[in-house]
1. Kindly indicate whether Leu98 is out of contact with any helix residue (DSSP H, G or I) (no Cβ under 7 Å at 6 or more places or on another chain), closer than 27 Å to Asp70 by Cα and in a helix (DSSP H, G or I).
2. Got at least one residue in the range 103-113 being surrounded by 20 or more Cβ atoms within 10 Å (Cβ to Cβ) and over 14 Å from Leu43 (Cα atoms)?
3. Return yes when Ala158 is surrounded by 15 or more Cβ atoms within 10 Å (Cβ to Cβ), over 17 Å from Leu76 (Cα atoms), in contact with a strand residue (DSSP E or B) (Cβ under 8 Å, 6 or more places away or on another chain) and touching a residue at least 24 places away in the same chain (Cβ under 8 Å) and no when it is not.
4. Among what's in the range 82-95 and is among the aliphatic types (A, V, I, L, M) and outside any helix (DSSP H, G or I), pick the residue that is farthest from Phe45 (Cα to Cα).
5. Hey, can you tell me all the residues within the range 125-183 that are over 11 Å from the mean Cα position of the chain (by Cα), under 19 Å from Ala113 (Cβ atoms), assigned to a helix (DSSP H, G or I) and of a type in the set (A, V, I, L, M, F, W, C)?
6. Can you name the residue in the range 62-78 that is over 17 Å from the mean Cα position of the chain (by Cα) and assigned to a loop (DSSP other than H, G, I, E, B) and, of all such residues, is surrounded by the fewest Cβ atoms within 10 Å (Cβ to Cβ)?
7. Within the range 34-48, take every residue that is without any contact (Cβ under 8 Å) to a residue 60 or more places away in the chain and part of a loop (DSSP other than H, G, I, E, B) and give me the one that is farthest from Met142 (Cα to Cα).
8. From (1) under 18 Å from Pro86 (Cβ atoms); (2) of a type in the set (S, T, N, Q); (3) out of contact with any Phe, Trp or Tyr (no Cβ under 9 Å at 6 or more places or on another chain), pick out the condition that doesn't hold for Ser112.
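Where a number appears in this text, it was derived from the coordinates with a stated rule and is not lab data. Since the model is a prediction, treat every value here as computed from it, not as a measurement. Note that we place each Cβ from the backbone using ideal geometry, even for glycine, and neighbour counts take in every protein chain shown.
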Amino acid sequence: MCDECMDVSPESLARRRVLVSSAAAIAGVLFAPASRATEPRALTFYHTHTGERLRVTYAVNGRYLPGALDEINHFLRDFRTGDVHPMDPQLLDILYELRRRAGGKGTYEIISAYRSPKTNEMLRAKSNGVAQRSLHMEGKAMDVRLVGAPLDRLREEALALAAGGVGYYPEDRFIHVDTGRVRWW
């Protein structure tokens, strides 16, 4: 299924209404701006296409660290073209909270992060599951799995956050998370 698709059964519509109506309140509690966060926030990544690893503290004393964000942006670059684009720091906060909820201190395996328009178009030509205006092109989406966390649990925790889009790809062993509107597929 594509980034913009979702289940439209009566049960899912009722669930969506509950999620959407409470998303702002939940997001406000779970994802207070980094300026109000007090604990250091760190993430560990392994890029499945480049073999690169990164462990980085990206926020300290409630402030994002520009040098760390630059490291993350380079690490999550379009590995096909080398293009670097700023990643949404809220996406990092989602991953941080998701890892905490999934009970792990593990490494995120990155399947896809930033995609240049050229790469996105190439992928669209090969698959009907790639959105024309993918949030990957804005640095607002990642396809990941978390070492030590069952994929279905990771999906359930991401849905419970109601902080953006959640896609589930069990055959390919990853979930998609983004900072767009609350939706799932």
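1. For Leu98, the condition - out of contact with any helix residue (DSSP H, G or I) (no Cβ under 7 Å at 6 or more places or on another chain), closer than 27 Å to Asp70 by Cα and in a helix (DSSP H, G or I) - is not met.
2. Within the range 103-113, the first condition is being surrounded by 20 or more Cβ atoms within 10 Å (Cβ to Cβ), and the residues that meet it are 108, 110, 112-113.
When the remaining residues are screened for being over 14 Å from Leu43 (Cα atoms), the result is 112-113.
Looking for residues that are surrounded by 20 or more Cβ atoms within 10 Å (Cβ to Cβ) and over 14 Å from Leu43 (Cα atoms), one finds at least one in the range 103-113, hence yes.
3. So Ala158 fits the description; yes.
4. So the residue we want is Val84.
5. Met137, Leu151, Leu154, Leu161
6. Only one residue fits best here, namely Gly62.
7. Thr38
8. Failing condition for Ser112: (3).
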